[in-house]
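The values are calculated or read from the model by the stated rules, or taken from the named source; none is laboratory data. Every value quoted in this text rests on a predicted model; they were computed, and no experiment measured them. Glycine gets a Cβ as well: all are built from the backbone with ideal geometry, and neighbour counts include every protein chain shown.
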Amino acid sequence: MSADAPLLDRADILGLVPHQGAMCLWNAVLAWDAERIRVRADSHRDPAHPLRRHGRLGAVHLCEYGAQAMAVHGGLLAADAPPRAGLLVALRGVALSLARIDDLPGPLIGEAERLADSAAGQLYGFRILHDGRTIAQGRAMVALGGAVD
């Protein structure tokens, strides 16, 4: 997968996922295929980020970035079907290499790989990079519900 020009922008992503407004964390899809996706975000530097607390954005929120990369991939795979709501039900093997992310100067790059998929849920491995270095990784399971209105 290439990291060049975006294939899809934020407006496209908003049409694929249930996350709307500031809670849609990714800005661009850089590459994707049936098993993987690569996305980019600058939202971690936004002073109005919805997950900030006391002026800071902790690295633990990279798990949400990973889960949303999964949602974007699922939306792309679903083609013209409406976005489905999901509930993050499990995180495993999560490793974070820093305490906070709001002070990182460049974009975040997210990579997610589908490990298992069914009508009831999805399991993905995810990795978040900054400046070419892995800052978070793990596995996430999402239970899927119905379409979002």
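Yes/no per residue for (1) under 11 Å from Ile128 (Cβ atoms); (2) surrounded by 14 or more Cβ atoms within 10 Å (Cβ to Cβ); (3) of a type in the set (Val, Ile, Thr):
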{"site": "Ala34", "(1), (2), (3)": "no, no, no"}
{"site": "Arg45", "(1), (2), (3)": "no, yes, no"}
{"site": "Leu51", "(1), (2), (3)": "no, yes, no"}
{"site": "Glu64", "(1), (2), (3)": "yes, yes, no"}
Practice item. Scan Ala112, Ala95 and give me the residue that is assigned to a strand (DSSP E or B), over 23 Å from Pro18 (Cβ atoms), of a type outside the set (Val, Ile, Thr) and out of contact with any Gly (no Cβ under 6 Å at 6 or more places or on another chain). Key: Ala95
Check your understanding: Do you know which residues across the range 58-68 are farther than 11 Å from Val142 by Cβ and assigned to a helix (DSSP H, G or I)?
Key -> Ala59, Val60, His61, Leu62, Cys63, Glu64, Tyr65
Check your understanding: Does at least one position in the range 75-84 carry a residue that is assigned to a strand (DSSP E or B) and among the small types (Gly, Ala, Ser)?
Key -> no
Exercise for review: Quickly run through the range 94-135 and pick out the residues that are over 24 Å from Gly75 (Cβ atoms), in contact with a Lys or Arg (Cβ under 9 Å, 6 or more places away or on another chain) and of a type in the set (Lys, Arg).
Suggested key: Arg100
Check your understanding: Which number in (1) in contact with a helix residue (DSSP H, G or I) (Cβ under 6 Å, 6 or more places away or on another chain); (2) under 17 Å from Leu30 (Cα atoms); (3) not polar (S, T, N, Q) marks the one condition that Gly132 misses?
Key -> (1)
Exercise for review: Take Gly110 and decide whether it is at pLDDT 95 or above, exposed (fewer than 13 other Cβ atoms within 10 Å of the Cβ), touching a strand residue (DSSP E or B) at 6+ places or on another chain (Cβ under 9 Å) and of a type in the set (Gly, Ala, Ser).
Suggested key: no
Practice item. Filter the range 135-149 down to the residues that are at pLDDT below 85 and assigned to a strand (DSSP E or B), then identify the one that is nearest to Ala112 (Cα to Cα). Key: Leu144
Check your understanding: Within the range 118-134, how many residues turn out to be in a strand (DSSP E or B), more than 15 Å from Gly93 (Cβ to Cβ) and touching a residue at least 24 places away in the same chain (Cβ under 8 Å)?
Key -> 4
